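Quick notes on the structure that follows.
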Amino acid sequence: MKENILKGIAAVIIGGVTAYLNIMAIPLIILISVMIIDYASGMLKAWVNAELSSKTGLKGIIKKVSYLLVICVAAVVDWLVTSGLGAVGINIDVSFCFGVIVTIWFIINECISILENLTILGVPLPSFLTGTVHKLKVAVENKTDVDKEE
């Protein structure tokens, strides 16, 4: 009985957050998943290299939580832009432009880190995979870098 209540509460919370975040839900779930995989692969790498340290592990967790804070800032910028444009009579249907781009950028960075950790662990990786992930990062940076044009 108690277990069903907890499952119901969890389903309501997850459903509410997903509905609220709309387009951001899937990228955030993917980001959190790759952050966990990156942390685990980094811990394995540190263990194999006899460099396992609680201080380093804590720094890694703080860094990953900071990613989520950056995404929150990007979401605030999205809100400011849409609200500001709405105040002057310009309505756009995009709600999380900066938030999605920042989240995708972090996902790509985490994937690169996972691949680097696996390489150090001696896992053979196809070169097209590592090359593609690096090209994705460059493409996202180039497509969204507005200062380059000026």
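The values are calculated or read from the model by the stated rules, or taken from the named source; none is laboratory data. All of these numbers come straight from a predicted model, not from anything done at the bench. Cβ sites come from the backbone with ideal geometry, for glycine too, and all protein chains shown count toward neighbours. The area values use the complete protein model at the heavy-atom level, side chains included, leaving out ligands, DNA and RNA. Shrake-Rupley method; radii C 1.70, N 1.55, O 1.52, S 1.80 Å.
Remarks
- Residue pairs meeting the criteria (Cβ under 7 Å; at least 6 apart or on separate chains; first closer than 16 Å to M35 by Cβ, in region 66-80; second open to solvent by less than 60 Å² (accessible area, probe 1.4 Å) and not hydrophobic (A, V, I, L, M, F, W, C)): I71/G99; I71/T103
- Boolean, V133 is β-branched (V, I, T) and either closer than 21 Å to I32 by Cα or touching an Asp or Glu at 6+ places or on another chain (Cβ under 9 Å) (or both): yes
- Only a single criterion out of (1) at pLDDT below 90; (2) on the phi < 0 side of the Ramachandran plot is not satisfied by G89, namely (2).
- Selection within region 44-65: residues that are in contact (Cβ under 8 Å) with a residue 60 or more places away in the chain and among the hydrophobic types (A, V, I, L, M, F, W, C). The member of this set that is farthest from C97 (Cα to Cα) is V48.
- Of the criteria (1) part of a helix (DSSP H, G or I); (2) touching a Ser or Thr at 6+ places or on another chain (Cβ under 9 Å), which one S33 fails: (2)
Residue-wise test of (1) modelled with pLDDT under 90; (2) over 20 Å from I108 (Cα atoms).
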site: K2; (1), (2): yes, yes
site: I9; (1), (2): yes, yes
site: N22; (1), (2): yes, yes
site: S41; (1), (2): no, no
site: A46; (1), (2): no, yes
site: A50; (1), (2): yes, yes
site: S54; (1), (2): yes, yes
site: K64; (1), (2): no, no
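- Boolean, V140 is crowded, with 16+ Cβ neighbours inside 10 Å, among the hydrophobic types (A, V, I, L, M, F, W, C) and at pLDDT below 80: yes
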